[in-house]
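The values are calculated or read from the model by the stated rules, or taken from the named source; none is laboratory data. Quantities reported herein were computed from a predicted structural model and do not represent experimental measurements. Using ideal geometry, Cβ is built from the backbone for each residue, glycine included, and neighbour counts are taken over all protein chains shown. The protein model used for the area step is the full one, side chains on, heavy atoms only, and it has no ligands, DNA or RNA in it. Shrake-Rupley method; radii C 1.70, N 1.55, O 1.52, S 1.80 Å.
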Amino acid sequence: MYKKILIAIDNSSHSNFCIDLGVAISQKYGSSLVGCHVYDATLHQRRFRDMEKGLPPQYQDESVLQRQRDLHSSLINLGLKLISESYLDVFKKKCLEMSVPHEELLIEGKNYYEIIKEIQGNQYDLLILGALGLAAVNKQVIGSVCERVVRRIKTDVLVAKDRCFEGNVVIAVDGSVASFAGFVSALRLARAFNVKLIAVSVFDPHYHRIAFESIANVLSQEAGQIFRFKEQETLHEEIIDKGLAKIYQNHLDRASSMARDAGVDLDTVLMDGKPYDKILQYLRKENSSTVVLGRTGIHNTNGLDLGSTTENILRLAPCNVLLTGGNVEGRGMVSSDFLEFHRPVNEKEYIPVTNTIEHQNSEDSFVRVGKSVQNISDKQQLLKPSPVWTLEAEIQTDRIPSFIRGVVKKKIEEFAREKGYQEITTQIVDEAKALIMGDNSIHSI
């Protein structure tokens, strides 16, 4: 899962959480740990220069000042280096005690900048970073270093607020590629640490209701008649609200299917309301140790670094936060780790099937080759490889309203499979449009 992990160390209590979490993960997955501390000697040199004007007259001579500068610089560099090495000694000692492969990395520079540079320049699978550092004041938020780093990298990040995985692992599922990439990580964590896994999905019909009320307050009577506002409001209440609930329940059903394939017990929770608020309430109530989130959600556009729900939970969650999905390509495909997770132990013994009676509600099920395959009904079809979405086709479907987008994309994929297309382009999307627009099942959601 995570072969090489970078751990940011600064001798704070949260830094110690990071070390404990990193060692625990390494013991489960054989990960190699790199403990990294960044110190900024130039900061102290600049502060010394700022104070020079306040020194007594006998120290104002330029030759004396230069001597003091050199002496101060030498002492500061040596002192900070020794202190920094002692920070890393704590990490080294813990790794040696637990027989964990590790190395120490000491860097001079600006902390957040050097961590970002190290992550981007090397092949790390995970960064473990404390939510707060030595200068922590308000324990209800995240520190500036944490926020700056998280926003600027794509690598998975475990933001440490506690030192263990002993409580429930909660995964937020919203149907996005990033959230299902996170679900794979959550499955692995739950299985490795033998903890309860809970998938939560939250839809928000209230925003649309408020929007309707807001529009009603400004529409004239004539405009209301033209737009048939009352009919639209009824349509929303009876169809869209129920449709949202069904769509998000489908996301949980898909997660349940994946969990069954992985041999992991999964509880699912469907809620309505403001997503970040409902998830936070659940985390506080259920004594969760870790919440897993996609960096962005189903409404991600224009290269967003963090979605609003993720950002709020990152700041306010009472537990560790694992952010995933930053490296997943936005082309309707998931990461290689996701694909590896669904690959059977012995690929030659399995073939994928879909639309079978036994697996009617499962999109990616597998059955063993043998009698069960020989007895499959003529109505059952073998699953062809999922077509790949081009970036242009993805952008084209972004214009579809969010509450129906997932269903439409699924039908386009079904159309592409039937036609034998291996790649979904804008032309194929256009071909499928007429069929989808005439499909009554779209309107019955």
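Ignoring ligands, DNA and RNA, what percent of the accessible area of the range 102-175 is carbon or sulfur (1.4 Å)?
Working: 1500 of 3560 Å².
The computed percentage sits at 42.
Mark the label point 7 Å from the Cα of residue 245 along Cα→Cβ and return the residues of the range 173-206 whose backbone N is within less than 16 Å of it.
201-206
How far is it, in nm, from the label point at residue 395 to the one at residue 117 when both lie 7 Å from their Cα along the line to the Cβ?
Going from the residue 395 label point to the residue 117 one covers 3.4 nm.
As an exercise, identify the GluC sites (Glu not before Pro) in the range 113-196 lying in DSSP coil whose Cβ has no more than 14 other Cβ atoms within 10 Å.
Numbers: sites: 114, 118, 147, 166; in loops: 166.
Sparse-neighbourhood loop GluC sites (Glu not before Pro): 166.
Name the trypsin sites (Lys or Arg not before Pro) in the range 97-176 that are in a loop by DSSP and that have at most 12 other C-beta atoms within 10 Å, would you? Walk me through the numbers before you get to the answer.
Details: sites: 110, 117, 139, 148, 151, 152, 154, 161, 163; in loops: 110, 139, 154, 161, 163.
Passing both the DSSP loop test and the Cβ count: 139.
Residue 274 label point, 7 Å along Cα→Cβ, cut-off 20 Å on backbone N: hits in the range 139-180?
Answer for the range 139-180: 140-142, 172-174.
What distance in nm lies between label points placed 7 Å from Cα along the C-beta direction at residue 40 and residue 431?
5.7 nm
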